[in-house]
Structure formats: C-alpha cells, structure tokens
Amino acid sequence: MSDFPSRTVRPLRRAGFPPAPFWKSLGLHLLIPFFLAAGMGLAYLGAFAQPEPDHLQVAVVGAAPQSQVFAQALNDKALGKLDVRTVADAASARSLIADREIAAAYEAGPEGATLYVASAASDTTASVVQKIFLPIAYGEHLPLKVEDVVTPGGHDPTAQGLFFLLVALSVGGYSCAIAISVVAARVGVLWRMAISVLSAAVIAGIGVTVAGPVYSVIDHNEWGIWLLAWLYDLAIILIGVGLHPVLRQWTTPTLTLLFVMLNFTSSGGIFTADLVPPFFAGLSTFWNGSAWLHAAQTLSYFPGLDFWTDGLKLGLWAAAGALLVMLTHQWSVRRTRLADELARVREEEEGVAA
C-alpha cells in the first residue's frame, strides 16, 4: 500500500467563455487606460503635429519707405500668420526682442541680411522664423546672418531644460496628491493642507536641485525659481487632494488631463502660443504651466522684466486648490453625516419590525 494518503483528483475543467461580470469589471478597469491613450494622442498631436505661425510678432528694420512697403507686403502675404511692424534700427529691434515683445526682426542691407532672434525664449520659434526669412534673403541674393540676441545657458543649448523641469514638477505634484489623498484621508483637513504645503516645497527643492547643482540648467536665481516651483506644485497637490473625495479612482486621469495633456501642450515649452492651434494658445493665457515656465524663463534669461502677472496666476491657482479642498471636505462631511443618519433610521426600523 502507498504511504501517502489517498486524495480525490478532480478532473481539469476546460475554461469556458468568461461570465458577464468579468467583462464588466475588465471594461471598467480598461476605461482609464483607454481614456489616457486617447487624451494624450488628441492633445499632443492636436497641439504639435502641424505647427504654423498664428499672428507671430515680427519686425522689419528700417525707417525708409521701402522698409514699410516690404513690411506691409509681408504682412499681406502671410495674412493671419505674421503681424509685421517696422522699427527704426537694429538697436530697437534687439530691445523689443529682449523685452519679449516680438519674436524676430529682419534687416536687409546692401551686402547682406540679418535676422535677430532670441533662442532663450523659444528655440523652435527661432527655427521657424529662419525658415520664413531665409527664402526672402536668398530671393534678394543676400547672405543671411542670424544674430541670437538672448541665448540660453551653456548647459541648456535648446532652452528646453526649464520645460523638462516643468514636466518633473508636474508628475511629482500630482503623484504626491494621490499619495496624500489616500494616506491622509482620515486626518483633519488642516493637516492635509499642511502636508500638501510641505510636500510641494520638497518636490520643488528636488526639481531645482537636479536642474541646478546637478545639471547646471539653472545657474542663478535658484531661490526665486524654487519659490515659483513651490507655488506651482502646491496648486497641483491641493487640486488633487480636493478632487479625490469626489472622483476617487478617476482623480489620477483627471490630473493627467489637467496637468499633462492640457498643461504641457499650452506651456510654450515645445512650441509657443504663436505656433499652436487657438485652443491651446488660449489655454496658455491662464494655465499654470505656461505661467510658471514664462516666469522661470524671465528669471533665468530675461533679467529686469516683470513677471508679477505670472506669479499672480500661480497664486490664484493655489488659492483655487485650497478652496476646492475646503469645499469637498465639507461635502464629504455632510455625505458621511447623511449616511450615518440613514443607517440609524434603518436600524430603528428593523428594531421596530423585530
């Protein structure tokens, strides 16, 4: 006889078609990835697939009547794409570019032509205006020289380092919002807000440290950029913490929609508002990513320019996040109180029936 106890061996059952609850659960779980795939494709391809100028501000250098005629002809030919003005001399053109009032200026002389740009504002815009004016110079048999009025730092030749820092701050911010919402859901609302404030400061510090001492993308005004990054991340975290009691598992895709799909495409980090469709250009006027990037660029590459409007936008976003936290907290408290009262009424009815 065998030393092992006998046991009943059940025959293997061939797997049949999964029941309806399986498909329902699978569909609900796949809905978020499908939403993210569609949203990312629509946002990024919609904003970046076919960039073209839309009222791009440029200038023609020269006070002579010929310059004014040339500027008007260029404006008429590129109707809606370029807004062309004339400036008296090259010094005026450089000043307007350094003040971020125009994207480029074109000056034609007897021996050659010069195109003034600011790659620190946008390397892609500088490339686009070169493609516009290069055929014009060649058509006049003039060699074209490009003068970069405001250049980025030596460790950030494409001037996109700050945009990549924006990406890091955004991902860190909304990830932190989810963590705080899950772990700190049972503590008081003031504790949640205090944790959000401290977490935003840490994320901003990590980002500025990596962009500054580690990779030297930021080599001055570190504390100013850190303060802007803290305010930017604080808004994202507070909005996420505020949305979580209502949206639950849909909080992450909603934050991805707000601070990835719509945020990065309207920030001006890849293409400025002058080169994207009107929807994304409109978002750039008030979205927090655009405000942060414009202010950080000003601190890094355009000293002396005001950025209080950008700071105000970031502050308003943070204030809206704090207000959202308070409102959804009150909503959650009221919902819990109503649920408790309903449960108590049911217990009393069951007791009477018994």
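Miscellaneous remarks
- Cross-link partners for LYS131 among the lysines, with Cα-Cα distance under 18 Å and sequence neighbours closer than 8 places in the same chain left out: LYS77, LYS81, LYS145.
- Probe 1.4 Å, protein heavy atoms only - accessible area per residue of the stretch 229-295 in square angstrom: 28 Å²
- Using the Cβ-Cβ distance between ARG334 and PHE279 with R0 set to 25 Å, the FRET efficiency from 1/(1 + (r/R0)^6) comes to roughly 0.10.
- A 1.4 Å probe over all protein chains sorts TRP317, TRP226, TRP23 by accessible area into TRP23, TRP226, TRP317, starting with the largest.
- Leading residue at positive end of dipole, the chain (Cβ point charges), from HIS329, ALA339, MET40: ALA339
- Normalised size of the stretch 234-354, defined as Cα radius of gyration per 2.2 N^0.38 Å with N residues, equals 1.58.
- Using the Stokes-Einstein relation with a Kirkwood hydrodynamic radius computed over Cα pairs, the translational diffusion coefficient of the stretch 56-208 at 20 °C and a viscosity of 1.002 mPa s comes to 116 µm²/s.
- Relative contact order %, the stretch 60-180, counting alpha carbon pairs below 8 Å whose residues are six or more apart: 20 percent
- q = 0.20, 0.22, 0.23 Å⁻¹, the stretch 285-354: log10 I(q)/I(0) [Debye, one scatterer per Cα]: -0.83, -0.90, -0.93
- The C-alpha radius of gyration of the chain, expressed as a fraction of 2.2 N^0.38 Å, stands at 1.39.
- Residues whose placed amide H lies under 5 Å from that of GLU147, excluding near-sequence neighbours: LEU115, TYR116, VAL117
- Mean ellipticity per residue at 222 nm, deg cm²/dmol - from DSSP H runs of n ≥ 4 across the chain, formula -39500 (n - 2.57): -20500 deg cm²/dmol
- Carbon-plus-sulfur accessible fraction, the chain (probe radius 1.4 Å, protein heavy atoms only): 65%.
- Each label was represented as a point 7 Å from its Cα along the Cα-to-Cβ direction; for SER127 and PHE35 these points are 3.4 nm apart.
The values are calculated or read from the model by the stated rules, or taken from the named source; none is laboratory data. Only a predicted model underlies this, so the values are computations on that prediction, with no experimental measurement involved. Note that each Cβ is placed from the backbone with ideal geometry, even for glycine, and that neighbours are counted across all protein chains shown. With ligands, DNA and RNA removed, areas are computed over all heavy atoms of the protein, side chains included. Shrake-Rupley method; radii C 1.70, N 1.55, O 1.52, S 1.80 Å.
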